[in-house]
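Shown next, in structure tokens, is the structure this report addresses.
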Amino acid sequence: MRFIDLDMTSSRFTHSQREQTVLTDLETCFPDFSGELLSWEKVPDGQDPPDFISRVENGPVGLELIEWLDGEQMRPAKGREFQRNHIRLVLGENWHTEYQPQNFRFAIVMPVWGLEIARSEEALVRREFFACAANADKTWGTNPDLWVGDHYTEDFAGYPKLGKYLQAIRYIGGSSRGRCWIDVEEDGEAYDPSVAAQTLEQALVKKLNIYSTASTQAKVHLHGLIENYLLVHGSFNAYAYNAPSGPLTLADIARRGAAFYAAHPQRQTFNRVWFFFSLDPADELNQPLGFPPGYPQVRWLAQLWPIFSIHPGSSPA
């Protein structure tokens, strides 16, 4: 299960602030990512692109940023996440004051997606949920053929509000050992891992297309750039709201992106291209979930163009 805190998306930041955060993170972890120590200045809104400029001895160097993110996936995923958090609040607040099961360690709620619990019915849904869970717990051993391992409750006869908002409840046998035993199912349907690589390719094409317009070229020309770089960056949003990339690794995705860019007819638009992924751990969740402190922590960097290489300081290896 993946618990997600929406505050981690830094949605309160402006676009410029998020870009500055990305660049600061990159420079902290990979101070020599460009091969030399450069001092980047944010280009004021309206005067971009590029997003940043570094003034070196031979002339200014530009740096353009774009996020590795599938927005078409993100919008519905954030809607489901909002619904999950609401259900967790309705059912999980002060959970320790309610019935505590003895025979199962998790009750995973499977919602009717897109149907938010009405405020006026929250108390009834909560009451029915704990009554249903108590009944499941007390009858756990009455039918050994049925109650081995996991069990799904799909018939909510007697619990009309649960039947309105839930498809099922999955109970997982074992002891909760004093931990919160209530959660909501995550997105787990079939997915195509190649979409993650395609998203990187789409990000590259988007910037190449933007830089091919006359208006963009005019703005870039005003800065007198001697070189211009592109940084594709991914972080919590891609982790939380896009389909997983496994079994493709970051290296697999980067290699596909590098090959795609090298074959693109507009590849000379940028002198150098990087792919940077950054993810911080949520240690307050790791202990109850059984993960080690610092999990997951990722700082990963690859150069896609003109030569493909993975930065030796990248983690995980």
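For the stretch 305-317: of the residues being touching a helix residue (DSSP H, G or I) at 6+ places or on another chain (Cβ under 7 Å) and assigned to a strand (DSSP E or B), which is farthest from Ala259 (Cα to Cα)?
In this case the residue turns out to be Ile310.
Got a sec? Which of Ala218, Ala243, Ala302 is assigned to a helix (DSSP H, G or I) and either at pLDDT 95 or above or more than 24 Å from Glu36 (Cα to Cα) (or both)?
Values: Ala243 fails: assigned to a helix (DSSP H, G or I); Ala302 fails: assigned to a helix (DSSP H, G or I).
Criteria check complete, one pass: Ala218.
Hey, could you check the stretch 264-284 for residues that are out of contact with any Lys or Arg (no Cβ under 9 Å at 6 or more places or on another chain) and in a helix (DSSP H, G or I) and say which is modelled with the lowest pLDDT?
My answer is Glu284.
Please go through the stretch 85-125 and pick out each residue that is farther than 17 Å from Ile172 by Cβ and over 29 Å from the mean Cα position of the chain (by Cα).
If the condition is that a residue be farther than 17 Å from Ile172 by Cβ and over 29 Å from the mean Cα position of the chain (by Cα), then His96, Thr97, Glu98, Ser120, Glu121, Ala123, Leu124, Val125 are the ones that fit.
Can you pull out the residues in the stretch 221-238 that are part of a helix (DSSP H, G or I) and aromatic (Phe, Trp, Tyr)? Break it down stepwise before answering.
Residues of the stretch 221-238 that are part of a helix (DSSP H, G or I), as a first pass: 221-223, 236-238.
Matches in the stretch 221-238: Phe236 only.
Take the stretch 147-166 and flag every residue that is surrounded by fewer than 16 Cβ atoms within 10 Å (Cβ to Cβ) and either part of a strand (DSSP E or B) or of a type in the set (Asp, Glu) (or both).
If the condition is that a residue be surrounded by fewer than 16 Cβ atoms within 10 Å (Cβ to Cβ) and either part of a strand (DSSP E or B) or of a type in the set (Asp, Glu) (or both), then Asp150, Tyr152, Glu154, Asp155 are the ones that fit.
If we scan the stretch 19-30, do we find a residue that is closer than 24 Å to Leu225 by Cβ, assigned to a loop (DSSP other than H, G, I, E, B) and modelled with pLDDT of 85 or more?
Yes, there is a match, as at least one residue in the stretch 19-30 is closer than 24 Å to Leu225 by Cβ, assigned to a loop (DSSP other than H, G, I, E, B) and modelled with pLDDT of 85 or more.
Scan the stretch 84-109 for residues that are among the charged types (D, E, K, R) and surrounded by fewer than 14 Cβ atoms within 10 Å (Cβ to Cβ) and report the count.
Step one: list which residues in the stretch 84-109 are among the charged types (D, E, K, R), which gives 84, 88, 93, 98, 105.
Subsequent filtering for residues that are surrounded by fewer than 14 Cβ atoms within 10 Å (Cβ to Cβ) retains 93.
The qualifying residues number 1.
Using the structure shown, decide if His86 is closer than 13 Å to Arg179 by Cα, in a helix (DSSP H, G or I) and not β-branched (Val, Ile, Thr).
Working: closer than 13 Å to Arg179 by Cα: no; in a helix (DSSP H, G or I): yes; not β-branched (Val, Ile, Thr): yes.
Against the criterion (closer than 13 Å to Arg179 by Cα, in a helix (DSSP H, G or I) and not β-branched (Val, Ile, Thr)), His86 does not qualify.
Quick grid of which residues meet (1) of a type in the set (S, T, N, Q); (2) touching a residue at least 40 places away in the same chain (Cβ under 8 Å); (3) under 17 Å from Arg18 (Cα atoms):
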| site | (1), (2), (3) |
| --- | --- |
| Thr28 | yes, no, yes |
| Glu41 | no, no, yes |
| Gln47 | yes, yes, no |
| Pro50 | no, yes, yes |
| Leu63 | no, yes, yes |
| Ile66 | no, yes, yes |
| Leu69 | no, yes, yes |
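When you scan the stretch 110-140, how many residues do you find that are surrounded by fewer than 15 Cβ atoms within 10 Å (Cβ to Cβ) and among the β-branched types (Val, Ile, Thr)?
So the answer is 2.
The values are calculated or read from the model by the stated rules, or taken from the named source; none is laboratory data. Note that the structure is predicted; figures quoted are calculated from it, not measured. All Cβ positions, glycine included, derive from the backbone under ideal geometry; neighbour counts span all protein chains shown.
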